[in-house]
Amino acid sequence: MIIRLKDINKTYPGVVPLHVLKDINLDIERGELVAIMGASGSGKSTLLNILGILDNYDSGEYFLDGVLIKDLSENRAAELRNRMIGFVFQSFNLISYKNAVENVALPLFYQGVSRRKRNMLAMEQLERMGLADRAHHLPGELSGGQKQRVAIARSLITNPSIILADEPTGALDSTTSHDVMNLFRELNAEGMTIVIVTHDPGVGAATNRIIRISDGRIVPDEPVIAEQPQIIV
Amino acid sequence: MENWREIGATLARNKTRTFLTAFGIFWGTAMLAMLWGGAHGLEGTLRRNFSGFSTNLGAIFPGETSVPYKGFNKGMHWSMTQNDVDVIRRITPDLEYSTTICQNYGTINYGTKSTSAQITGYEPDFSKILIPVVYSGRVFNSSDEAGSRKVALIGKNLAEKLFGTEDPIGKFVSAQGVYFMVVGVIGQTSMASIGGRYDDSLLIPSSTFRRAYNWGNQVNFFMYTVSPGLSPSDLKTQIRRAICMNHPISPDDDKAMWFMDISEEFKMIDNLFLGVSLLALFVGAGSLMAGIIGIGNIMWIIVKERTQEIGIRRAIGAKPRDIIVQILSEGVVLTSIAGLAGVCFATLVLAVVDSQTADPVLGSAGFTLTFSQAIGIVLTFLVLGTAAGTLPAIKAMRIKPIEAMRDK
Ligand SMILES: Nc1ncnc2c1ncn2[C@@H]1O[C@H](COP(=O)(O)OP(=O)(O)OP(=O)(O)O)[C@@H](O)[C@H]1O
Ligand SMILES: [Mg+2]
């Protein structure tokens, strides 16, 4: 069990406090490819941020790979994010003045890996993404799909336990979205656990399990239709 | 090494802003350094007007009595004599250096050349009270005075008039018809003088003067310095007592003799210097403040502008310390380089000013900065600038990475 959520509650404080996540119970096994779907404002991103230790929750328990994630110091949280989690975002979140290799290598900088080794490993990841020839381009010189593949390469470089993707295809056209989803499926086939937040049914259909969330609650499981292989062209 | 590349990359990222920040720091440190060195030079310029001039100098001149005493009417003139001076020297232990002074104005001849100049008789101590510049030869010694030798020191302007390019040493000049052998050529650095400038005078030993011109034991006035820790005025009572022993002057007659205490004038000048230093300090503190606020402001903008980047870095594993160290290192690198450049620039400017204002005789006015002052300025900017940068950096850590990433 790589992810175990027990009775997670999250309220955004404010003049009118917003109870966003209500008694969330969720288990994700190692090697799963999961989609989290739901209406806008239902709490998908909030849930994913908690999974990614980017945000905290008010009550309940969250175990990531057996480690209880609760009341962590910012240093410990940063370390766990760095070693165990790879992030992919809708808006790519690449650093604009660093080229592709430097962006991919950045997580290793915070592990104290030498520059040579970092860049070597980053090149390997970029080759795997078919982007070796774009290694020295700045994000601004890359297409949306290429940027997202650079971001995926970066998420993989520390060899994390899980990849968390929030609307990874949200800014891409349908063809590119397919490419990215195929990439995720390949990575999953190699054993990577991947959680994708999306409201694109096509993306959901390309995963092995869909967790539906509505108004902060998880909607009970429904069987997955066995049609996803068609999506891989 | 790893960090240096990272710092270099981020500084190179926004070249205009990096340049403007660097220029601000450069200007701040340069201004401060120039102000400091400038104040120092200004003080030096003023002070060198008095170089060679003892600041604990006093003098006493005979005058006219203002009260009748021992059968003498008021308004009596009295003359100072060598005898008075001997008594003063005997009963006043706190004299440091002292000399009697006899003065006359008359014709000086050398060969066919002739000019008028001041002829002054000094005792050898004069060269310790109003220190002369000796261009050639020597100054008087005690055997010149004791033996009433017919030797003379000639002021450099007077020497030029009479000798042109010829060497005056060993030559004889006549003053009011009496011949003296020139043993030294001297001049004066101080703008201030008592009893005429050396440059335009002929100096002979005091005893020689009195004998040559039949003055008996009369002298014009008496000049002295006091031992360290005392002021010339402290000796007034003893000197007055010594003189009253020899002359029918009432001990209460304040107007019968005139005292001069140069240390009073110098206190005013010292206050002026203090004022200049305070002003420099004030303006300096102002420009330092402006510089620090500038750095703090820029750091604030740097952090603000990079909120998203900081969020990304933290999401992928940067610890708060990593981010703060990075931001501060950028500030430190920028401040060190720009600050050192600023101080170097100021040093250059000061060096030019110093060489322009240097006097061939008086030397440099001191438009300079010591190495430790320069380093002090850079370090102050560094420490205060870093402190100013820490605030926004720490504040940036309060924003959650996820919110920071959303920042556009
Ligand atoms: N930092 C925050 N402070 C207060 N309220 C928030 C905050 N972040 C999100 N919310 C609110 O919480 C609710 C859930 O937000 P969340 O971003 O998790 O939704 P979502 O399911 O990801 O929606 P979308 O599909 O539009 O991305 C929304 O009503 C949102 O307005
Ligand atoms: Mg969302």
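The values are calculated or read from the model by the stated rules, or taken from the named source; none is laboratory data. Everything numeric in this text was worked out from a predicted model, so none of it was measured. Cβ atoms come from the backbone with ideal geometry, glycine included; neighbour counts cover every protein chain shown. These accessible areas exclude ligands, DNA and RNA; they are computed on the full protein's heavy atoms, side chains included. Shrake-Rupley method; radii C 1.70, N 1.55, O 1.52, S 1.80 Å.
Summarising the label geometry, the points placed 7 Å from Cα in the beta-carbon direction at A:K117 and B:S233 lie 8.0 nm from one another.
Plainly put, the stretch B:57-262 has a radius of gyration that is 1.01 times its Kirkwood radius, both from alpha-carbon atoms, as the Rg/Rh ratio.
Between B and A, buried accessible area from a 1.4 angstrom probe totals roughly 2300 Å², ignoring ligands, DNA and RNA.
Just checking the listed ones, A:G31, A:G112, A:G170: in the Gaussian network model of chain A with Cα springs under 10 Å, the one fluctuating most is A:G112. Here is how the number arises for chain A: DSSP H runs of 4 or more residues each give -39500 (n - 2.57), the sum is divided by the residue count, and the result at 222 nm is -10000 deg cm²/dmol.
Under the criterion of Cα pairs below 8 Å and six or more residues apart, the relative contact order for the stretch B:57-262 equals 36 percent. Looking at the protein assembly as shown alone, DSSP beta bridges between its own residues are antiparallel in about 65 percent of cases. Farthest toward the positive end of the dipole of the stretch A:3-223, out of A:V113, A:V203, A:V219, is the Cα of A:V113, where the dipole comes from beta carbon charges about the Cα centre.
Normalised per residue, the accessible area of the stretch B:57-262 is 44 Å², obtained with a 1.4 Å probe and no contribution from ligands, DNA or RNA.
For chain A, a Gaussian network of Cα nodes joined below 10 Å ranks A:A151, A:A205, A:A78 by mean-square fluctuation, and the top entry is A:A78. At a cut-off of 20 Å², which residues of the stretch A:25-74 become less accessible once all protein chains are present than in their chain alone, using a 1.4 Å probe? Residues passing the criterion (a loss of at least 20 Å², heavy atoms only) are A:N49, A:L54, A:D55, A:E74. Taking amide H as placed 1.01 Å from N in the peptide plane, the amide H of A:V197 sits under 5 Å from that of A:I36, A:A165, A:D166, A:E167, each at least 5 places away or on another chain.
Evaluated with a Cβ-only charge set (Lys, Arg +1; Asp, Glu -1), chain A carries a dipole of roughly 700 debye about its Cα centre, given to the nearest 20. For the pair B:F273 and B:I91, label points projected 7 Å from Cα toward Cβ lie 3.6 nm apart.
Close amide H partners of B:V133, meaning residues 5 or more places away or on another chain with modelled amide H under 5 Å apart, are B:G187, B:Q188, B:T189.
With an 8 Å cut-off on Cα pairs and a minimum separation of 6 or more residues, tell me the relative contact order of the stretch A:3-223 in percent. Relative CO of the stretch A:3-223 lands at 31 percent. Taking B:R211, B:R48, B:R149 in turn, the Gaussian network model of chain B (Cα-Cα springs below 10 Å) assigns the largest fluctuation to B:R211. Mean per-residue shielding of peptide A:93-102 is 4, counting Cβ atoms of other chains within 10 Å of each Cβ. Farthest toward the positive end of the dipole of the stretch B:57-262, out of B:A212, B:L57, B:C244, is the Cα of B:A212, where the dipole comes from beta carbon charges about the Cα centre.
Carbon and sulfur: what percent of the stretch A:50-147's accessible surface (1.4 Å probe)? The nonpolar share, carbon plus sulfur, comes to 46 percent.
For the pair A:K6 and A:K70, the difference between a 0.36 nm per residue extended length and the Cα-Cα distance amounts to 21.8 nm. Computed about the Cα centre, the dipole magnitude for the protein assembly as shown is approximately 700 debye when only Lys and Arg (+1) and Asp and Glu (-1) carry charge, each at its Cβ.
The 3J(HN,Hα) values that the Karplus relation (6.51, -1.76, 1.60; θ = phi - 60°) gives for the stretch B:200-213 are, in residue order, 10, 10, 10, 10, 9, x, 4, 5, 4, 4, 5, 5, 5, 10 Hz. Gly and Pro appear as x.
Only helical runs count toward this figure. For chain B, summing -39,500 (n - 2.57) over DSSP H runs of n ≥ 4 and dividing by all residues gives -17500 deg cm²/dmol at 222 nm. Between rounded, prolate and oblate, where does the stretch B:207-250 land on the alpha carbon gyration tensor, with a ≥ b ≥ c its root eigenvalues, rounded for a/c under 1.5, else prolate if a/b exceeds b/c? Verdict is oblate for the stretch B:207-250. Atom-type composition of the exposed protein surface of the stretch B:55-115 places 48 percent of the accessible area on carbon and sulfur (1.4 angstrom probe).
With a simple spin-label model that places each label point 7 Å from the Cα along the Cα-to-Cβ direction, the separation between B:L391 and B:M76 comes to 7.8 nm. In a simple Cβ point-charge model (Lys, Arg +1; Asp, Glu -1; nothing else charged), the stretch B:268-408 has a dipole of about 1080 debye relative to its Cα centre. For the stretch A:3-223, the Cα-based Rg and Dmax, in that order, read 17.3, 52 Å. Each Cα pair under 8 Å and six or more residues apart adds its separation to the average, and for chain B the resulting relative contact order is 27 percent. Within the stretch B:35-70, find all residues whose amide N lies under 18 Å from a label point positioned 7 Å from the Cα of B:D252 along Cα-to-beta-carbon. Taking a point 7 Å out along Cα→Cβ of B:D252, the residues of the stretch B:35-70 whose backbone N falls under 18 Å are B:65-70.
Beta bridges from DSSP with both residues in the stretch A:3-223: antiparallel share about 45 percent, rounded to the nearest 5. Screening chain B for whole DSSP H helices with an alpha carbon extent of at least 24 angstrom along the helix axis and a mean Kyte-Doolittle hydropathy of at least 0.0 yields B:15-48, B:262-305, B:320-357, B:371-396.
Note on the protein assembly as shown: the C-alpha convex hull projects to 45.8 nm² when averaged across all orientations.
Projecting the Cα positions of A:L47, A:V67, A:M1 onto the charge dipole of the protein assembly as shown (unit charges on Cβ atoms of Lys, Arg, Asp and Glu, taken about the Cα centre) puts A:V67 furthest along the positive direction.
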